[in-house]
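The values are calculated or read from the model by the stated rules, or taken from the named source; none is laboratory data. As the structure is a computational prediction, the values presented were derived from the model and not from experiment. Virtual Cβ from ideal backbone geometry, glycine too; neighbours counted across all protein chains shown.
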Amino acid sequence: MLRLSSYLHDLGVCLHFQDDSTLKHYVILKPEWATTAVYKVLDNQTVKEKLGCFTKDDLKNIWQDGEYADMRDELLQLMMQFKLCYEIRDRRDNYIAPQLLSTEKAKYTWDDPHNLILRYTYTFMPKGILTRFIVETHPWIEQQKLVWKSGVVLNKDQTRAEIIENYNQREIKIRVAGNRTKELMAVITHELEKIHNSYERLQYQTLVPCNCETCKNLPIPYSYSLEKLNKRLSDRRYQIECENSYEMVDVRRLIDNVMFQPAKADGEINPKVTPLQSELEQQREESLKHRLKDSNQKEVFISYTWRDQQSKPLVEKIEQAFQAKGIKIIRDINAIGYKEKFKEFMQRLSRGICVILVISDQYLKSENCMYELVEIAKDKDFYKRIFPIILADADIFKSIERVKYIKYWEEEIEELNKAMKEVMADNLQGIREDIDQYREIRNMIAKLTDLLRDMNTLTPDIHSESQFESLLNAIAVRLDE
């Protein structure tokens, strides 16, 4: 199944980021839905006026429609996966979409005369190469300020790099100065090569400046194609003529002046650069992942029924205990506004990282509550995500009692099935889905109640007397994972 979704993802039929801890749980069957959501951000007038800067509060307004409201964190993660934005380092919940940055070059000085220089030229230059590069290297942006739409200055370990795109001339220029020039240059070229390889049959040249005495003093030295230099190297032709001075120049020195060699044939970065490259990749991953602890992972949901007299008072006590500790409980009465859809809330609850279950007899007979429980159970982390409290009337501790719940849902299926036969099939829109849901509940209730009865969930009285201390501690541990 994963192989199939990967294949369909590559074809663009659907979107499924299997390696992303947030997005791996979702297969987006309509990529245009995600595209529309993204452009709601990029076309937003406020975001444009702020030159691509936006916050999570901005996204609440931009994605306030029901079809996006419960997927804001996932959509933001999607934008980051598409290299359309990044979170500003040390400014949590503040993001930049680099394609909306100012076109005006940032103000800075560059006094170091000893630079490594490299240049890329393109037969056809697709838009977005540099903005993607900015996203990939954003942890090292100098002061998190020296960045504009067509350029960026990186600073790492007392080494600076300037990368500027000239779209009209179809070129990208790089210069690096400092203590670790070759290593940083190798990381930069590695990141650019990854972007190049994402385009099919992109034609470009990597140009190395001449180091002869004449060219050293020229503002624009003669440049050699790196591909041709490597070919001469492999053919053991170690000299090449400069077209400006006609001096013979050492091919090995030309290559060695700007990058580590030998380059690996499979495109992997040289082992000498691996620590620096790994550090960048680690910082990128942290940027992608740490924000999740402040999103839906900090939300604690509670699933319960209104059908009995015991559940609601207990839920109110739990809510008060958690509020005293600064933890907000998400429940139906504070999360579903006028005309908003119950199903969307239930789906949001089923994705929650922490869900308190108040299990009663009526809960196990409620189609909405059981829908929530079944949906939660479909996740592999089901056991970690649920925090049950079982009321006395939930008869799940003896097998003979658990069978009664199976019978209950079989009777519901039989009754609905009988009623459906009495009307025309064309008039059953939405009702067929209900009977499918009943069957799914019937098929899973034995397994679910078996798991619940095997857990030491403590009694409601024990929880109340301790001010829900055990429940609070267990959820705190889960939230910090």
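Some values worked out for this structure:
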{"read-out": "Sole residue being in contact with a Lys or Arg (Cβ under 7 Å, 6 or more places away or on another chain) and polar (S, T, N, Q), chosen from 109, 121, 181", "value": "121"}
{"read-out": "Tally, over the stretch 39-62, of residues that are within 17 Å of the chain's Cα centre (by Cα) and either in the same structural domain as residue 135 (by TED's automatic domain parsing) or crowded, with 18+ Cβ neighbours inside 10 Å (or both)", "value": "3"}
{"read-out": "Residue within the stretch 27-35 that is surrounded by fewer than 16 Cβ atoms within 10 Å (Cβ to Cβ), hydrophobic (A, V, I, L, M, F, W, C) and in contact with a Leu (Cβ under 9 Å, 6 or more places away or on another chain) present", "value": "yes"}
{"read-out": "Check on residue 391, in contact (Cβ under 8 Å) with a residue 24 or more places away in the chain and closer than 25 Å to residue 436 by Cβ", "value": "no"}
{"read-out": "Candidate set from the stretch 333-372 (those that are assigned to a loop (DSSP other than H, G, I, E, B) and β-branched (Val, Ile, Thr)); member that is nearest to residue 385 (Cα to Cα)", "value": "353"}
{"read-out": "Those strands (runs of 3 or more DSSP E) lying entirely in the stretch 141-210 with at least 2 residues under 25 Å from residue 109 (Cβ atoms)", "value": "151-156, 159-166, 171-178"}
{"read-out": "Candidate set from the stretch 364-399 (those that are under 39 Å from the mean Cα position of the chain (by Cα) and of a type in the set (S, T, N, Q)); member that is surrounded by the most Cβ atoms within 10 Å (Cβ to Cβ)", "value": "366"}
{"read-out": "Check on residue 254, among the hydrophobic types (A, V, I, L, M, F, W, C) and at pLDDT 90 or above", "value": "no"}
{"read-out": "Any pair with Cβ under 7 angstrom, 6 or more apart, that starts in the stretch 345-374 at a residue that is outside the structural domain of residue 330 (by TED's automatic domain parsing) and ends at one that is among the acidic types (Asp, Glu)", "value": "none"}
{"read-out": "Qualifying positions in the stretch 109-124 - at pLDDT 90 or above and either part of a loop (DSSP other than H, G, I, E, B) or among the charged types (D, E, K, R) (or both)", "value": "109, 110, 119, 123, 124"}
{"read-out": "Matching residues in the stretch 316-332 - criterion: being within 14 Å of residue 358 (Cβ to Cβ) and either among the charged types (D, E, K, R) or in a helix (DSSP H, G or I) (or both)", "value": "316, 317, 318, 319, 321, 322, 331, 332"}
{"read-out": "Residue within the stretch 293-303 that is in a helix (DSSP H, G or I), on the phi < 0 side of the Ramachandran plot and without any contact (Cβ under 8 Å) to a residue 12 or more places away in the chain present", "value": "no"}
{"read-out": "Residues of the stretch 234-260 classified as of a type outside the set (A, V, I, L, M), on the phi < 0 side of the Ramachandran plot and part of a loop (DSSP other than H, G, I, E, B), total", "value": "9"}
{"read-out": "Residues located in the stretch 208-228, provided they are buried (at least 18 other Cβ atoms within 10 Å of the Cβ) and hydrophobic (A, V, I, L, M, F, W, C)", "value": "208, 210, 212, 215, 226"}
{"read-out": "Residue 437 vs. criteria within 26 Å of residue 377 (Cα to Cα) and among the polar types (S, T, N, Q)", "value": "yes"}
{"read-out": "Verdict on residue 378 being more than 24 Å from residue 316 (Cβ to Cβ), out of contact with any Ser or Thr (no Cβ under 9 Å at 6 or more places or on another chain) and either charged (D, E, K, R) or not assigned by TED's automatic domain parsing to the domain that holds residue 411 (or both)", "value": "no"}
{"read-out": "Only one of 402, 432, 442 that is in a helix (DSSP H, G or I), in the same structural domain as residue 329 (by TED's automatic domain parsing) and surrounded by fewer than 16 Cβ atoms within 10 Å (Cβ to Cβ)", "value": "432"}
{"read-out": "Residue within the stretch 444-461 that is at pLDDT 90 or above and in contact with an Asp or Glu (Cβ under 6 Å, 6 or more places away or on another chain) present", "value": "no"}
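Here's the yes/no breakdown for (1) in contact with an Asp or Glu (Cβ under 6 Å, 6 or more places away or on another chain); (2) modelled with pLDDT of 90 or more:
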{"position": "343", "(1), (2)": "no, no"}
{"position": "351", "(1), (2)": "no, no"}
{"position": "361", "(1), (2)": "yes, yes"}
{"position": "369", "(1), (2)": "no, yes"}
